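What follows is a short report on a single structure.
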Amino acid sequence: MIVSSLPIWIIDMVGSILMIIFSFMCLSLVGTLRTRDTGNVIWTYLFWVCLGLAGFAVSRSAGHIVKQILFLSGNEGLWSSIRPYSGAINSLMFVFVASVTLFFERIWKIYRQVTKDKQALQGVRDELLFLNQNLERLVAERTKELALSEHKYRRIFEVSQDMILVTRLDGTILNMNPAGYDILGYEKGDGSFARKTFADFFLNDSEWQAVKGSIERHAFISNAEVSLKHKVEKQIRVLVSASRDVSFSDKEDTIHFFVRDIEQRRQIEEQIAQADKLASIGQLSAGIAHEINNPLGVILGYTQLLIRNEVADTEKFNDLKTIEKHVRNCKSIVEDLLNFARSSKPNEDVIRVDQALDDAINFIQQNAGLENIEVERRYQAAVPEMLLDEKKIKQVFINLIMNAKHAIGKEGSLSIATGFNPVEGQVIVKIADTGHGIEEKNLARIFDPFFTTKPTGEGTGLGLSVSYGIIKNHGGEIQVESKVGKGSTFTIVLPLISPHPRMKHAKVHSYHR
Amino acid sequence: MDMTKFFQKLGLIVSVVFITEPALATQAHSAPEGLYAHQVAHIFFIVSMGILIYWLRERKLVQAVGWRYIQYSALFFILWNVDAFFVHLVEEQLALVDIQRMGLWEINITTSMKSQTLLGLYYAAKLDHLLCVPALLFLYFGLRRLLKDAEALNSRTVQP
């Protein structure tokens, strides 16, 4: 087949020239890329690819051009001697370009890793730069925030009405808020407080061991009711919550205690329970007393009729007198029970409390004697006249003073004081003795009817019950504080019921509120 | 002792001691070796470009215009290599085609296979610059686009 070689010649010549041009243009571009980013391995990779292609283009195109020129000039023999060199160089260039190309995947991975590391470094650098530029401001802000936070929590610690306490694991006190000192009765900086542990304030060691054990086992304890010792040796019932604070530094773990004083609440609860108990007993007593009172009246009436018809000093007369005496005793007890049960409305006599107290003391001095007892009277002059049942109030005072006399025994002192609280409209009477005191176990029962610590026959056990009933009947309160071996103090609080209309400034109560 | 290693060592000793033939220190390279080496180089080039296309697609780089052009460049290089391989094969390796110059701008192409198709294919394959020049052109376009993208990225990074 005879064909024109011109197309082949033209395409060969033009193509060879274009290959050289384009390959060097590529090399130039990739050179620019490398110059812009010298650390980029992808550009380095493409540079070597383009370098190989440029070498290939030069060797191949030069060979082709030379070949065509030699052919046209009739020097085909010369081309035969050049041809092996041209072909060999071409082959080498293929292999070079192909070999470099094979590294693409590895180069790409390196590029990705470098880019990632670079971005991470850039992020760190930006952060460091930001911190460096804003360090002072950031520190100032953080310090301010910390100060505010510290102040806030310090205030909670300082003004809390409950005890907040930080101790070591063995109970050694590290820090305690002012409320804690108040609850325990100490002043901050008190020398006697310094060496104490929290365990020392527990009334019962078993309770401390239980609290400690729970914290060790569960790392916390919640609302455990325990009794603590006040500085003045009185009991304080509290609710203890605590949690163990695990230290993340080298410092040892600590325990954070939160202690709530519930002594007052417990006392009120006990008083309410006592009042409920006495009210129940009173209701029962009143029912029985009413039922017994009528038959006793009948027995007494008929006994007195029989006595009237009998000759005096006969045996029958004496027997009837004995019956009459015991019936009267029974009636007296029934009356006491009715008084205790508040079944009868008190009379409204205008009296002065201090006068009534003096009358009671005089009565006892005349009938029972107070020779070896030092009686101290501290009457407040401001105590006004009041509407009270004089007879019953005097009975209360006589009961209490007689009890004090029995408690004091042969020698001691008796302190009787009155006070007036115009704001609350209350008159307060305190009768304190230095007697043997009342055991704690008996304190809750002393107002119970028929409860007595006196030997059989010396007391009916109705004195304090009747006094309680009378005071309650007047709308008042009677309380007792006692310590064995040191004495007892009975406090009567009576609402002011004034007979004088002018005393409007005072808070005026009525009996039946 | 591991029996496999033992037999391997034994076989090596027997082959060295008993199976001996005259050995020449340097191997002779006759004329066809150059052609074969050149053809193998073409195949290597084809494989290499194929692998490049594979990774460009695998790494999703072809989504970027610049790398897509480079992919086209690799594809044209593969076609060019196939073309060149074919020309070398029929003209030199198998000697199926013979060319005689008839004048300044005329040639006579003959084939022992009496196939006009082969002659037509051979003539077309001789125009191989129609494949390798576009390959370089696509490479140029690809690099130009990469440079443009790099400049755009750089300007975005520099901007506050």
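The values are calculated or read from the model by the stated rules, or taken from the named source; none is laboratory data. Here the structure is a predicted model, which is why all the values come from computation and not from measurement. Cβ: placed from backbone, ideal geometry, glycine included. Neighbour counts: every protein chain shown. Only protein heavy atoms, including side chains, enter the accessible area calculation; ligands, DNA and RNA are left aside. Shrake-Rupley method; radii C 1.70, N 1.55, O 1.52, S 1.80 Å.
Tabulated results
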| item | result |
| --- | --- |
| Using alpha carbons only: equivalent-ellipsoid semi-axes of segment A:1-60, gyration tensor based, whole Å | 34, 9, 7 |
| Kirkwood estimate for segment A:331-404, i.e. one over the average of 1/r between Cα atoms, Å | 13.7 |
| Accessible surface of the protein assembly as shown [probe 1.4 Å, protein heavy atoms]: carbon and sulfur percent | 58 |
| Three principal axis lengths of the protein assembly as shown [C-alpha, angstrom, descending] | 192, 76, 53 |
| With Cα atoms, 0 to 90° folded angle of helix A:76-102 axis to chain A main axis | 0 |
| Heavy atoms of A:Arg34: accessible area, 1.4 Å probe, square angstrom to 10 | 80 |
| For segment A:293-353, convex hull volume per residue from C-alpha positions, Å³ | 130 |
| Long pairs among A:Lys212/A:Lys251; A:Lys234/A:Lys392; A:Lys229/A:Lys392; A:Lys231/A:Lys472; A:Lys331/A:Lys405; A:Lys234/A:Lys454, criterion Cα-Cα beyond 29 Å | A:Lys234/A:Lys392; A:Lys229/A:Lys392; A:Lys231/A:Lys472 |
| Reachable lysines from A:Lys67, criterion Cα separation under 25 angstrom, eight or more residues apart if same chain | B:Lys126 |
| Residue-normalised accessible area of the protein assembly as shown, expressed per residue, 1.4 Å probe, Å² | 59 |
| Overall Cα dimensions of segment A:21-155 - principal axes, largest extent first, Å | 110, 23, 14 |
| Relative intensity, log₁₀ I(q)/I(0), of segment A:175-248 from a Debye sum that treats every alpha carbon as a point, q = 0.14, 0.16, 0.21, 0.22 Å⁻¹ | -0.48, -0.62, -1.01, -1.08 |
| Separation between Cα centres of segment A:468-486 and segment B:31-77, rounded to whole Å | 112 |
| Segment A:232-269-segment A:152-208 distance, computed between alpha-carbon centres (Å) | 8 |
| Net dipole in debye of the protein assembly as shown [+1 Lys, Arg Cβ; -1 Asp, Glu Cβ; about Cα centre; nearest 20] | 1880 |
| Sparse-neighbourhood loop sites, GluC sites (Glu not before Pro) in segment A:379-433 - DSSP loop, at most 10 other Cβ within 10 angstrom | A:Glu411 |
| Area of A:His256 that stays accessible when all protein chains are in place (1.4 Å probe, Å², to 10) | 80 |
| Scattering curve values for segment B:56-118, log₁₀ I(q)/I(0), Debye with Cα scatterers, q = 0.17, 0.18, 0.26 Å⁻¹ | -0.70, -0.74, -1.06 |
| Burial of 50 Å² or greater, segment A:78-126 residues [accessible area, probe 1.4 Å, versus chain by itself] | A:Phe94, A:Ala98, A:Thr101, A:Leu102, A:Phe104, A:Glu105, A:Trp108 |
| Counted charge near A:Tyr85, where neighbours are those whose Cβ lies closer than 14 Å (Asp, Glu -1; Lys, Arg +1) | +3 |
| Whole-Å distance, taken between Cα centres, linking segment B:86-160 and segment A:378-420 | 133 |
| Mean residue ellipticity (222 nm) of chain A, computed from DSSP H runs ≥ 4 via -39,500 (n - 2.57), nearest 500 | -20000 deg cm²/dmol |
| Rg/Rh (Cα only; Kirkwood hydrodynamic radius) as it applies to segment A:288-421 | 1.11 |
| Space enclosed by the convex hull of the alpha-carbon atoms of segment A:363-421, per residue, Å³ | 97 |
| Accessible area buried, both sides summed, chains A and B with 1.4 Å probe, Å² | 4600 |
| Calculated log₁₀ intensity ratio I(q)/I(0) where the Debye formula runs over C-alpha points of segment A:118-176, q = 0.15, 0.29 Å⁻¹ | -0.67, -1.04 |
| Reachable aspartates and glutamates, given that their alpha-carbon falls under 14 Å from the alpha-carbon of B:Lys60 and they are not under 8 places away in the same chain | A:Glu105 |
| Net charge, A:Cys26 excluded, C-beta distance under 13 Å - Lys, Arg +1, Asp, Glu -1 | +3 |
| Signed unit charges on C-beta, dipole axis of the protein assembly as shown, positive-most listed residue A:Met13, A:His290, B:Phe76 | A:Met13 |
| Principal axis box of segment A:222-368, alpha-carbon based, largest edge first, Å | 104, 36, 33 |
| Accessible-area order (highest first, 1.4 angstrom probe) of the listed residues A:Arg260, A:Arg378 | A:Arg378, A:Arg260 |
| Cα pair distances in segment B:90-160, grouped into 5 Å bins until the bin that holds the longest one, percent each | 3, 12, 14, 13, 10, 8, 7, 6, 6, 5, 5, 5, 3, 1, 0 |
| Trypsin sites (Lys or Arg not before Pro) restricted to segment B:103-160 and DSSP loop, no more than 14 other C-beta within 10 Å | B:Lys114 |
| Residue-count net charge about A:Asn293 - beta-carbon cut-off 15 Å; Lys, Arg +1, Asp, Glu -1 | -1 |
